[in-house]
Amino acid sequence: MAQRLDTPKESKRRVWFPRRNKNEDSFGESAEGIARFMGTPKFIVWMTVFCLLWLAWNAFGPADLRFDKAANGFTALTLMLSLQASYSAPLILLAQNRQADRDRVSASQDRDRAERNLADTEYLAREMAALRIALGEVATRDFVRSELRNLLEDLEREREDDSDSKSES
């Protein structure tokens, strides 16, 4: 039977690995959050407190409740720190890769914006040059005044010449 077009299809649910949210990159975002936290002084303080408590409990705590013997060189603590390091390195690399991708996109957008600004600037420079050329051909107020003065002087000379020629006759 043909499906109706006015109703949405039923979603196929994944039984083994159900998706908790629609964000495909939630693991990357959480990895970045963890990597950012590992780069803070708060993380170093908490790790130091954790190690000191671990060492203090296993060195000075009740002998029957100690779980990591000092005689063995605190092997469990070494394993815990190695486990933490083995997980933190890939998380930091993942965060760096995501940051590099963001930087690449940002650089591409900056390049595009710079190209548009350059094109706009070149266009404005051509328009300014065209205006300068057009203004070079336009009579300015000073030019018109000087031409009118010259015409008045020519007219006055002609009147004087006419009056001199009439007085001579």
Being farther than 19 Å from Asp101 by Cβ and among the acidic types (Asp, Glu) is the filter; apply it to the range 4-54 and report the residue that is modelled with the lowest pLDDT. Asp6
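When you scan the range 71-81, do you find a residue that is farther than 30 Å from Arg36 by Cα and assigned to a helix (DSSP H, G or I), even just one?
Within the range 71-81, one or more residues are farther than 30 Å from Arg36 by Cα and assigned to a helix (DSSP H, G or I).
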When the residues of the range 38-77 are narrowed to those that are within 30 Å of Ala95 (Cβ to Cβ) and of a type in the set (Ser, Thr, Tyr), which ends up farthest from the chain's Cα centre (by Cα)? Thr48
Residue list for the range 63-104, filter: touching a Leu at 6+ places or on another chain (Cβ under 7 Å) and β-branched (Val, Ile, Thr): none
Among the residues listed as Ser108, Ser163, Ser146, Ser167, the single one being surrounded by fewer than 10 Cβ atoms within 10 Å (Cβ to Cβ) and part of a helix (DSSP H, G or I): Ser167
All positions within the range 55-66 that are part of a loop (DSSP other than H, G, I, E, B) and either of a type in the set (Val, Ile, Thr) or surrounded by 10 or more Cβ atoms within 10 Å (Cβ to Cβ) (or both): Gly61, Arg66
Evaluate the range 78-97: report whether one residue or more is loosely packed, with under 10 Cβ neighbours inside 10 Å, over 53 Å from the mean Cα position of the chain (by Cα) and not acidic (Asp, Glu). no
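For the range 109-118, does any single residue satisfy the condition of being within 25 Å of Ala31 (Cβ to Cβ) and either under 17 Å from the mean Cα position of the chain (by Cα) or β-branched (Val, Ile, Thr) (or both)?
So the first thing to find is which residues in the range 109-118 are within 25 Å of Ala31 (Cβ to Cβ), and the list is 109.
From what's left, either under 17 Å from the mean Cα position of the chain (by Cα) or β-branched (Val, Ile, Thr) (or both): 109.
There is at least one residue in the range 109-118 that is within 25 Å of Ala31 (Cβ to Cβ) and either under 17 Å from the mean Cα position of the chain (by Cα) or β-branched (Val, Ile, Thr) (or both).
The values are calculated or read from the model by the stated rules, or taken from the named source; none is laboratory data. Owing to the predicted nature of the structure, the values given are computational and were not obtained by experimental measurement. Note: ideal-geometry Cβ built from the backbone for every residue, glycine included; neighbour counts use all protein chains shown.
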